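Student: Handing you this structure, nothing more for now.
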Amino acid sequence: MGIVNVTPDSFSDGGHHADASSAIDFCERLLGEGVDILDLGGESTRPGAPRLEADEEWKRLEPVLRAALNFGVPVSVDTCKTEVMRRALDLGVDIINDVQALRDEGADALLASHGSAGICLMHMRGQPAGMQRLTDYEDVVTEVASFLADRLRHMVGVGVAAERITLDPGYGFAKTVEQNLELQRRQRELLALGRPLLVGWSRKSTLGAVTGKAVDERMSASVGAALASVALGARVVRVHDVGATVDALKVWQAFGAPQA
Ligand code: HH2
């Protein structure tokens, strides 16, 4: 899953493709690099990020989404807002990726009424503005697993087929470096929830803490993280550096996809 941030302020690539035409060019570049899913975001969720109005978020997303839907790969929209989801679904988006796990009012019913779109439910606490103060867990893996299990149960309860849902531990969202690493080490406990896992390690600060590298020097760390997560059972990796990640995964597959 290749990340296309149509934003001026995303944590690693804010402003790189904030206007529609450069975002569309970037989608085409990712297609050339072998991307399987395009994930379009109109609002940054980095720690401390302000919330946008739905209209503003949609203004950024709409032209890029309209173009991306013709590119022949599934397209996902990364949003927490029911109104933005509704407009994206009306245009035919394939997947809704929600870092708030569909907790905005009406989001669950909306997805239940759209019979086929895929869904990613991610764990986080609070809002990006204050989430890094909400890292007090007794056991982060148990709590993240139980949150995801509750959200999965809830969505199935409102009529969404479980087969439409992937789960995501939410690396970097209301978690310390050690908590992120603990979640990765114990990924098997999240796989036990019975749904495919999507993981987003790309360029995140935990990788900076491990390697000592600045955000624009974390490509190798991100590829290593993606490969390790897949070897440990993750099914979708959300990445900025698509070409490098695709190459690493091709080599791993050529080696017989050894499991860690
Ligand atoms: N991480 C970010 C945004 N959306 N969605 C899922 N499912 N999982 C993630 O880990 C995830 C996500 C943050 O990364 P990025 O989009 O690069 O930054 P920003 O939120 O600043 O735009």
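Student: Testing the spin-label approximation: label points 7 Å from Cα along Cα→Cβ at Asp90 and Ser116. State their distance in nm.
Tutor: Going from the Asp90 label point to the Ser116 one covers 2.0 nm.
Student: Add -39500 (n - 2.57) for each DSSP H run of 4 or more in the chain, then divide by its residues: what number comes out at 222 nm, to the nearest 500 deg cm²/dmol?
Tutor: Dividing the helical sum by the residues of the chain leaves -13000 deg cm²/dmol.
Student: Next question. Output the Cα-based Rg and Dmax of segment 69-122 in Å, rounding Rg to one decimal and Dmax to a whole number.
Tutor: 10.2, 32
Student: Could you work out how far the C-alpha centroid of segment 9-31 sits from that of segment 125-157, in angstrom?
Tutor: 30
Student: Just to be sure I understand: with springs between alpha-carbon atoms less than 10 Å apart, which residue in Gly41, Gly200, Gly92 has the highest mean-square fluctuation in the Gaussian network model of the chain?
Tutor: Gly92
Student: Efficiency by 1/(1 + (r/R0)^6): what FRET value for Arg66 and Glu33, r their Cβ-Cβ distance, R0 = 25 Å, to the nearest 0.05?
Tutor: It comes out at approximately 0.70.
Student: Something else about it: To the nearest 20 debye, what charge dipole does the chain have about its Cα centre, counting +1 at the Cβ of each Lys and Arg and -1 at the Cβ of each Asp and Glu?
Tutor: 560
Student: Would you mind telling me which residue in Ser22, Ser222, Ser202 has the biggest mean-square fluctuation in a Gaussian network model of the chain, where springs connect alpha carbons within a distance under 10 angstrom?
Tutor: Ser22
Student: Now for a separate question. Modelled label-to-label distance, Asp247 and Asp136, 7 Å Cα→beta-carbon offset: nm?
Tutor: Once both label points are built, they end up 4.7 nm from each other.
Student: Can you sort Phe147, Phe71, Phe255 from fewest to most other Cβ atoms within 10 Å of each residue's own Cβ?
Tutor: Fewest to most other Cβ atoms nearby, the residues stand as Phe255, Phe71, Phe147.
Student: Would you mind pulling out the separation of the Cα centroids of segment 180-229 and segment 38-107, in Å?
Tutor: 23
Student: Equivalent-ellipsoid semi-axes (√(5λ), Cα gyration tensor) for the chain, whole Å, largest first?
Tutor: One finds semi-axes of 24, 23, 19 Å for the chain.
Student: With the Cα gyration tensor of segment 1-154 in hand, give its eigenvalues times 5 under a square root as the equivalent ellipsoid semi-axes, listed largest first in whole angstrom.
Tutor: Ellipsoid half-lengths, sorted descending, are 25, 19, 15 Å.
Each reported figure results from applying straightforward, stated rules to the coordinates on display, with no laboratory input. All values derive from a computational prediction rather than experimental measurement. Glycine also receives a Cβ, built like all others from the backbone with ideal geometry; neighbour counts cover every protein chain displayed.
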